[in-house]
Amino acid sequence: MQQKYKIPQIAVMAAALFLAAPIHAQNAPIKVGLMLPATGTFANLGTMIENGFKMYVAEQGGKLGGREIQYFKVDDESDPSKATDNVNKLIKRDQVDVLVGTVHSGVALTMAKVAKENNTLLIVANAGADAITGPMCGKNIFRSSFSNWQPAYAMGKVAADRGHKKVVTITWNYAAGTESVKGFTEGFEAGGGKVSQNLNLPFPNVEFQALLTQIASQKPDAVYAFFAGGGAVKFVKDYAAAGLNKTIPLYGAGFLTDGTLEAQGDSAQGMFTTLHYADNLNIPRDNQFRLNFAKTYKVNADVYAVQGYDAAQMLAAGLKASGGDIKNLDKVSAGIARAEIDSPRGKFKLSASHNPVQDIYLRQVKGNNNEIRGIAVKALADPARGCRM
Ligand code: BEZ
């Protein structure tokens, strides 16, 4: 009699333990690994991405898909040689559920490789490396930002439309710089222009004088530049200090003047750039976003803040589709892939390669704003060359 009673009791306890494990996992916080630069020329960009991400989570009451969010952080220093170690700190040591980052294309290429090898969800919140949504594309790899090709190609078209025939390009010699120049060249030469020379210097050097002297002696119709963060501030100031802005218009992918205008001051006034964001879109979603961002962080939002905010929105869409179960990567990925993101830049969906299909705005610097002057290319999708999903 006693024996008969004991067996079901043990069975009940075992069943309770078995059931308790998944319930506990379901209630545990989601571990978000933020791999961003906190030092170096892109440090401020990293802060804006982090702040944008956290602001969206705070707006949702601190939860996405009904789950608390726990952050783990690594300063990647925008150093590709440390990228494997850094991403493994998040994946292996901290056991994060999702990686969010980074700014530098070279670092992001390693993140994508390691994320694929470990079947970890990755949302790239800035780096434009074309390969991430090209040959390296994958089911768990997403981007909330842009491909290097997108704003550059649009600027090439604009420069050709403005009647320029001969352009010199200048950039840092790494993936983002070379791909940006390539995208610009494609758009510009399709419109009848010719890139006469490509100038470059190693990342993150800012000794521009010798290259500016070459530009002055070449006298092109215009210059196209890719720089960002602290390097962009220095380049635009040096270009103006050399007097080149008086005779040779300086164009760029919009990173050249985004988040940099207070430091660039007069030297940037009047410049035209192309990007998937502008400071005065004047749509209700963006107005509300900018107001909340300025109140929360005491600085104006920029494109990097938008990309961080939208990375959080993408994660939220995935978690909604999986009922909060981050371990169900098939459902999370499918949810992100089909979501329409209500971004401050304007609503967008992802292409089949998981890169935003988005309007690229033509902007002009006025005061501390990149003011919209029109849409350079509507609903521009990256060509995703080499992506086999
Ligand atoms: C990049 O490395 O992809 C990048 C860095 C800063 C701004 C834009 C792109």
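What to note about this one:
- Test: Thr178 is outside any strand (DSSP E or B), touching a strand residue (DSSP E or B) at 6+ places or on another chain (Cβ under 9 Å), free of Cβ contacts under 8 Å to residues at least 24 places away in the same chain and hydroxyl-bearing (Ser, Thr, Tyr): yes
- Listed by position, the helices (runs of 4 or more DSSP H) contained in the range 24-140 that have at least 1 residues being more than 15 Å from the ligand (Cβ to nearest atom) and polar (S, T, N, Q) are 43-59, 83-88.
- Exactly one residue out of Gly259, Gly270, Gly252, Gly183 is crowded, with 22+ Cβ neighbours inside 10 Å and assigned to a loop (DSSP other than H, G, I, E, B): that is Gly259.
- Residue match in the range 380-389 (condition: modelled with pLDDT under 95 and either among the small types (Gly, Ala, Ser) or in a loop (DSSP other than H, G, I, E, B) (or both)): yes
- Qualifying residue in the range 144-156 (condition: more than 28 Å from Ser343 (Cα to Cα) and either away from the ligand (no atom under 16 Å from the Cβ) or not hydrophobic (A, V, I, L, M, F, W, C) (or both)): no
- Output for the range 157-178, where each listed residue is buried (at least 22 other Cβ atoms within 10 Å of the Cβ), of a type outside the set (A, V, I, L, M) and within 13 Å of the ligand (Cβ to nearest atom): Thr171, Trp172, Gly177
- Of the residues Val223, Val236, the single one that is in a helix (DSSP H, G or I) and either in the same structural domain as Ala129 (by TED's automatic domain parsing) or not aromatic (Phe, Trp, Tyr) (or both) is Val236.
- Residue match in the range 320-342 (condition: in contact with a His (Cβ under 7 Å, 6 or more places away or on another chain) and assigned by TED's automatic domain parsing to the domain that holds Lys139): yes
- Single match in Gln288, Gln264 (criterion: within 30 Å of Val168 (Cα to Cα) and polar (S, T, N, Q)): Gln264
- Filter pass, Tyr309 being more than 11 Å from Arg363 (Cβ to Cβ) and touching a helix residue (DSSP H, G or I) at 6+ places or on another chain (Cβ under 8 Å): yes
- Only one entry in Lys92, Lys139, Lys165, Lys113 is over 21 Å from Asn44 (Cβ atoms), charged (D, E, K, R), in contact with a Gly (Cβ under 6 Å, 6 or more places away or on another chain) and at pLDDT 95 or above, namely Lys165.
- Among the conditions (1) in contact (Cβ under 8 Å) with a residue 60 or more places away in the chain; (2) basic (Lys, Arg); (3) outside any loop (DSSP other than H, G, I, E, B), Lys327 misses just one, which is (3).
- Residue in the range 295-303 that is aliphatic (A, V, I, L, M), more than 23 Å from Met136 (Cα to Cα) and in a loop (DSSP other than H, G, I, E, B) present: yes
The values are calculated or read from the model by the stated rules, or taken from the named source; none is laboratory data. Since the structure is predicted, the reported quantities are computational estimates derived from the model, not experimental observations. In this analysis, Cβ positions are derived from the backbone assuming ideal geometry, glycine residues included, and neighbour counts consider all displayed protein chains.
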